[in-house]
Amino acid sequence: KAGVTQTPRYLIKTRGQQVTLSCSPISGHRSVSWYQQTPGQGLQFLFEYFSETQRNKGNFPGRFSGRQFSNSRSEMNVSTLELGDSALYLCASSLVGRQGDHEQYFGPGTRLTVT
Amino acid sequence: SQQGEEDPQALSIQEGENATMNCSYKTSINNLQWYRQNSGRGLVHLILIRSNEREKHSGRLRVTLDTSKKSSSLLITASRAADTASYFCATTPGANSKLTFGKGITLSVRP
């Protein structure tokens with residue numbers, strides 16, 4: 001089975017712009033979670049989607065949003081980019097919708113740099 | 001805020017030695033998971049231990065969980081240079097709750 005894929009792998013944007021990141025989960029996985037990783041804050045949970053519904057949400061401003069499609073693929077969007085949004089954005093999928101009960105399979109991440 | 005706190009923050013050992021990493025957490029948990037991350041890449045799941053389990057093995061990995069002390073340890077035996085990575089513990093208070101990761105431990109295994 002193919003693993004979790006994320007596109008693009010690298011992205012450079014300017015402050016004030018918006019960005020959309022994409023994640024394709026492992027075939028058959030219905031839960032997709034997003035994380036932001038920075039040297040200062042570590043790994044922080046953004047949100048989780050299961051069957052096109054947001055199940056959990058982290059403590060991020062409304063500029064961060066996401067959605068999941070009927071084929072379980074997910075996108076996250078960050079509007080009005082700030083320098084502090086520079087990070088590695090990781091997507092993870094799991095077989096069922098209980099994030100805390102099953103292992104997460106992570107993609108390679110999208111490295112976003114905001115200048 | 002991080003739920004899990006790993007200790008030490010960095011560890012450097014010689015190939016063939018054992019590496020022990022610790023994780024402490026603050027609230028009651030449903031399970032605890034350990035992940036590995038090679039430099040700047042995605043995380044790889046290593047092992048999941050449930051709150052009613054005390055010890056679990058997977059190959060060269062041994063994980064223990066002490067819910068009374070709210071702590072877990074990850075032991076890697078006979079370490080290899082390829083074990084060089086960052087290791088994270090992650091906890092959740094319930095099956096439907098989000099995973100919360102610690103800040104990670106950087107392990108360097110010298111050949």
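Taken together, the values in this text are just the output of simple stated rules run on the coordinates, not laboratory data. Just so it is clear, the model here is predicted, and its values are computed rather than measured. Counting neighbours? That spans all protein chains shown, and the Cβs are built from the backbone with ideal geometry, glycine included.
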Counting only other chains, and only Cβ atoms inside 10 Å, what mean value do you get across the residues of B:38-47? 5
Sequence-separation-based contact order of chain B, relative, with Cα cut under 8 Å and 6+ spacing, percent: 39 percent
Consider all pairwise Cα distances in region A:1-48 and report the whole-number % of them above 12 Å. 73 percent
Log10 I(q)/I(0) at q = 0.20, 0.28, 0.29, 0.30 Å⁻¹ for region B:38-97, from Debye over equal alpha-carbon scatterers, is -0.89, -1.34, -1.38, -1.41
Across A:36-43, the residue-averaged tally of Cβ atoms belonging to other chains within 10 Å stands at 4
For A:90, A:95, what ranking results if the residue with the fewest other Cβ atoms within 10 Å of its Cβ goes first? A:95, A:90
Where in region A:1-104 are there trypsin sites (Lys or Arg not before Pro) that are in a DSSP coil and have at most 12 other Cβ atoms within 10 angstrom of their Cβ? A:1, A:9, A:15
For a protection proxy built on the mean count of beta-carbon atoms within 10 angstrom, sort B:70-77, B:52-59 highest first, please. B:70-77, B:52-59
Set A:57/B:69; B:69/B:98; B:26/B:98, cut-off 19 Å on Cα-Cα distance; pairs above it are A:57/B:69; B:69/B:98
Using the Cα atoms of region A:10-115 to build a convex hull, what is its mean projected area in square nanometres? 6.1 nm²
Set Lys and Arg Cβ to +1 and Asp and Glu Cβ to -1, take the dipole of the protein assembly as shown about its Cα centre, and tell me which of A:102, B:14, B:102 lies farthest positive. A:102
Semi-axes of the equivalent ellipsoid for chain B, Cα gyration tensor, largest first, Å: 23, 14, 12
Between residue B:38 and residue A:73, the FRET efficiency computed from the C-beta separation at R0 = 22 Å comes out, to the nearest 0.05, as 0.30
Largest first and in whole Å, what are the equivalent-ellipsoid semi-axes of the protein assembly as shown based on the Cα gyration tensor, each being the root of 5 times an eigenvalue? 29, 20, 16
Under 15 Å from the Cα of residue B:70, which aspartates and glutamates turn up, not counting those fewer than eight places away in the same chain? B:5, B:6, B:7, B:53, B:55
Find the relative contact order for chain A and round it to a whole percent, using C-alpha pairs within less than 8 Å whose residues are 6+ positions apart. 36 percent
